[in-house]
Amino acid sequence: MNRVLANFGNPDNTAVGKLTDVTNLSDIFGILYNLLFGVGLSLSIIFVIVCGIKFVTSAGDPNKKAEAGQCLTWAVISAIVIVSFKLIPFLIFNIFGFDDPTTIINT
């Protein structure tokens with residue numbers, strides 16, 4: 001379970017790196033979770049850069065400037081949402097004092 005939630009409570013902070021390390025469904029979800037986080041955050045950063053370039057090259061055209069501004073707004077919102085998927089579980093576990101998410105299941 002701790003790999004599903006981005007290895008919270010893992011002392012050496014290592015992720016499942018090899019397919020031979022996958023021993024259960026939790027490992028698969030952990031790999032997918034980390035993969036989707038990385039891809040999503042990378043795409044958000046790319047969109048922030050692309051929309052910033054659109055904004056700079058709008059050449060004072062109000063329509064292009066508004067379109068680029070809206071694109072930039074959505075790119076930043078998507079980055080915040082993606083980061084919150086890792087941050088919220090981390091905060092919840094720290095607020096309630098759980099070092100390892102599996103302690104919730106075992107209690």
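Could you identify the single residue in 32, 72, 25, 87 that is modelled with pLDDT of 90 or more and out of contact with any Pro (no Cβ under 7 Å at 6 or more places or on another chain)? Give the steps one after another, and end with the answer.
On the way: 32 fails: modelled with pLDDT of 90 or more; 25 fails: modelled with pLDDT of 90 or more; 87 fails: modelled with pLDDT of 90 or more.
Answer to the check: 72.
Select from the stretch 59-76 the residues that are exposed (fewer than 12 other Cβ atoms within 10 Å of the Cβ) and charged (D, E, K, R) and list them in ascending order.
61
The values are calculated or read from the model by the stated rules, or taken from the named source; none is laboratory data. Source: prediction; values computed, not measured. Cβ coordinates were reconstructed from backbone atoms using ideal geometry, including for glycine residues, and neighbour counts include every protein chain displayed.
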